[in-house]
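One structure is given here, and the rest of the page talks about it.
What follows is calculated from the coordinates using simple rules that are stated; it is not laboratory data. As the structure is a prediction and not an experimental result, all values here were calculated from the model. In this analysis, Cβ positions are derived from the backbone assuming ideal geometry, glycine residues included, and neighbour counts consider all displayed protein chains.
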Amino acid sequence: MRLIALLAAFGLVSANALAQTHPTHPEHPSLKASPTRPPAPKKPKPVKASKAKAAPIAVAVAAMPEPEVIDADRLAVAPLVLVGEARCEHGKTVGVQPHPSLAGRFLLKHGKDEYTLTPQPTNTGVVRLENAHAGIVWLQVPIKSMLMDARKGQRMADSCLHAEQVAEVESMKATQSQ
């Protein structure tokens, strides 16, 4: 018996072989249900979290306030942010508004979710708003904007155009056609 237990520990004997030989193993034939013995109670299956349950958690995390103090580099980015509604691919919309109580921060609304974003300075000229707790990043360049889930590395909304970006795209097209 010790040899079988040792072999099972090293994976050399299957669990079925161990179950057939060891009387305390739950799969041992003597512990199986019989007409005189009721079946053993089944363990409840663990409940998997559904996507519907994950969304409120993400919103709750996103609602966590950022630090009250914001440095001068981040405040310098704030005037560059295009506020208002941006229309995106697949009929999605993203709304960006200044935060009513946190100076230099913005509220981003995407579907039913709302996030507080803080400007992040960049060397490339891209306007970057981020909520590190939720893993959400809003990127804005002159001709389009994009909402990213930084944790998954996926775009949540792409080719988002604010009214000023639409005008920029139109002027680029007019310049190219001349």
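Here are the numbers:
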| read-out | value |
| --- | --- |
| Backbone HN-Hα couplings from phi across region 81-91 [Karplus 6.51/-1.76/1.60, Hz, Gly and Pro as x] | 6, 7, 9, x, 9, 10, 8, 10, 4, 6, x |
| Whole-number Å³ per residue for the convex hull built on Cα positions in region 58-178 | 115 Å³ |
| Qualifying trypsin sites (Lys or Arg not before Pro) in region 91-178, DSSP loop, other Cβ atoms within 10 Å at most 16 | K92, K112, R151, K152 |
| Gain on full stretching of the segment that runs from A167 to R87 - 0.36 nm per residue minus C-alpha separation | 27.4 nm |
